[in-house]
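Let me begin by presenting the structure, written as structure tokens, before commenting on it.
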Amino acid sequence: MLRTLLLILKTLHLTLQQVTTHIALALTPRLHRLTYHTVRDPKDIVVSGASFAGYHAARGLASILPTGYRVVVIERNSHFQLTWVLPRFCVVAGHEHKAFFPYRGYLAPVAEGAYTWITGAVGRIVLESGAGEGKVVLEESGKEIAFEYLVVATGAVAAGLPSRVGGKTKEEGMVMLRGEQERIRTARDVVLLGGGAAGVEMAGDVKERYPEKNVTLVHSGERLLNRGYGEGLSRRALDGLQALGVKVLMGERVVIDDQLERMEEVKLESDQVVKCDCLIKCVGQRPNSGLVGEVSPSSIAESGHSRICPTLQLVDKACSRIYAAGDVTEVDAVQNARGAFQQAEVVARNIVRAIKGKTLVEYQPKWWEGATKLTLGLKKSVMYVSDRSAELILPTKGKEELDSARVWKFFGLKPFVDAQEEKST
Ligand SMILES: Cc1cc2nc3c(=O)[nH]c(=O)nc-3n(C[C@H](O)[C@H](O)[C@H](O)COP(=O)(O)OP(=O)(O)OC[C@H]3O[C@@H](n4cnc5c(N)ncnc54)[C@H](O)[C@@H]3O)c2cc1C
């Protein structure tokens, strides 16, 4: 009880701190504009990947950079792809466009010339001999961009929806979401693989939207959400799904064969057979660390994540000008957007500190970075926070579109106005 009370007080204190953080986030680029000047040949700091980690690192850097430096953002996708609405928008129709918002809004307050944007993918990193500078080579054009510092924020990849979109444009992404909606709508026996957050949320949504369908969640672990979340949340998730009528099979794996497209059933490793005409894979996210692996094999952990120092540079001393943040990195914490943001802030500060010859600061995962909102069907959700000695699980209300409008606003946009989309049609 005392532990829970302490956690409540810590959470209230944190909420106040967040207000100060938001004020600082709004003021810093505006103050920086007073002193930053554009120069003819700035030194470039390349940010590869602009999702939660890279976009925030770019904003942080462009808000504090000394004159003479510039941020070059290189992002593969035309729009920011909001991962955490994907399970819901694979099920309910009419919100697909809200998962893809245009870039640049978040960088609108920074000084003119502090950044430039390239829509494209980094294909290769090349180190120059010497002090660790190098260049990136773009995948399609082969164009080379020299960097003084590089931020790798290439995140994770998955087999596709609901964990990642896979397509590069908003149009492609919306088509894919509608395809999933149709696949589920026309199915009778839906089986979801993986009882992480995506599997739990999507299983609840499917069963609540289509109570007449058989929905089974197959999870290899002994409890749901077992990576980094407390037992209280696992129990709440299980209770929530069972109350909706989802069948949850724990400690089980599906034996995948090549006939998945035309299947009628799936076989489990225990030999149990489950009827299935729609298989949804909520497993198999992997760190997207290929770029790092090529330039520095020793910076890749067994898990495939990029190994980083506490200062968020790659562990390989030859790569001391290469920083990494977000899902691509190996950290002892739940990997989510909050953590990606915190790492991005440390990366931005450290690059500017390195430029100024100052001692670098260290990233320490904070207890609250694992806080999460978990939906349990279309109408119920819980807010979860834990400091590892106690858990707080509070019922919350939410909209069908989840918090997509709030996210658009946070990133400097009017929900759901997409000038970029209007121009291209
Ligand atoms: C279904 C689901 C629900 C989630 N819900 C939540 C939640 O409620 N709250 C929360 O905090 N977190 C949530 N997460 C986790 C969160 O989405 C991730 O932790 C976060 O997206 C990590 O951000 P990132 O910037 O590291 O990488 P990613 O989001 O994976 O983005 C990587 C970016 O890099 C780009 N890129 C990749 N390779 C290249 C290249 N070679 N060149 C240029 N660009 C490249 C990609 O296009 C992409 O934009 C959820 C995740 C999933 C899958």
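What to note about this one:
- Test result for S129, within 12 Å of the ligand (Cβ to nearest atom) and polar (S, T, N, Q): no
- Residue within segment 11-33 that is closer than 22 Å to G160 by Cβ, hydroxyl-bearing (S, T, Y) and within 16 Å of the ligand (Cβ to nearest atom) present: no
- Residue in segment 344-373 that is surrounded by the fewest Cβ atoms within 10 Å (Cβ to Cβ), counting only those that are among the aromatic types (F, W, Y) and outside any loop (DSSP other than H, G, I, E, B): W367
- Residue in segment 175-200 that is surrounded by the fewest Cβ atoms within 10 Å (Cβ to Cβ), counting only those that are within 16 Å of the ligand (Cβ to nearest atom) and either among the charged types (D, E, K, R) or under 18 Å from H79 (Cβ atoms) (or both): M176
- Failed condition for D327, given (1) charged (D, E, K, R); (2) in a helix (DSSP H, G or I); (3) out of contact with any helix residue (DSSP H, G or I) (no Cβ under 9 Å at 6 or more places or on another chain): (3)
- Residues of segment 6-50 that are touching a residue at least 12 places away in the same chain (Cβ under 8 Å), within 30 Å of L394 (Cβ to Cβ) and of a type in the set (G, A, S): A26 alone.
- Some residue of segment 201-219 being among the small types (G, A, S), at pLDDT 95 or above and surrounded by fewer than 24 Cβ atoms within 10 Å (Cβ to Cβ): no
- From the list V292, V334, the one residue that fits, being part of a loop (DSSP other than H, G, I, E, B) and either farther than 30 Å from V255 by Cβ or within 15 Å of the ligand (Cβ to nearest atom) (or both), is V334.
- Segment 70-104, subset near the ligand (Cβ under 9 Å from one of its atoms), part of a loop (DSSP other than H, G, I, E, B) and not hydrophobic (A, V, I, L, M, F, W, C), residue surrounded by the most Cβ atoms within 10 Å (Cβ to Cβ): N77
- Subset of segment 48-69 [away from the ligand (no atom under 13 Å from the Cβ) and not in a helix (DSSP H, G or I)]: S63, I64, L65, P66, T67, G68, Y69
- Filter pass, F410 being surrounded by 15 or more Cβ atoms within 10 Å (Cβ to Cβ) and of a type in the set (F, W, Y): no
- Among the criteria (1) surrounded by fewer than 20 Cβ atoms within 10 Å (Cβ to Cβ); (2) under 28 Å from V85 (Cβ atoms); (3) at pLDDT 95 or above; (4) not basic (K, R), the one L291 does not fulfil is (1).
- Within segment 140-166, being in contact (Cβ under 8 Å) with a residue 60 or more places away in the chain, among the charged types (D, E, K, R) and in the same structural domain as W84 (by the TED database) holds for one residue alone: E148.
- S381, sole failed condition from (1) among the polar types (S, T, N, Q); (2) over 19 Å from G199 (Cβ atoms); (3) not assigned by the TED database to the domain that holds L9: (2)
The values are calculated or read from the model by the stated rules, or taken from the named source; none is laboratory data. Just so it is clear, the structure is predicted and the values come from calculations on it, not from any experiment. Positions of Cβ are generated from backbone atoms using ideal geometry, with glycine treated the same way; all protein chains shown enter the neighbour counts.
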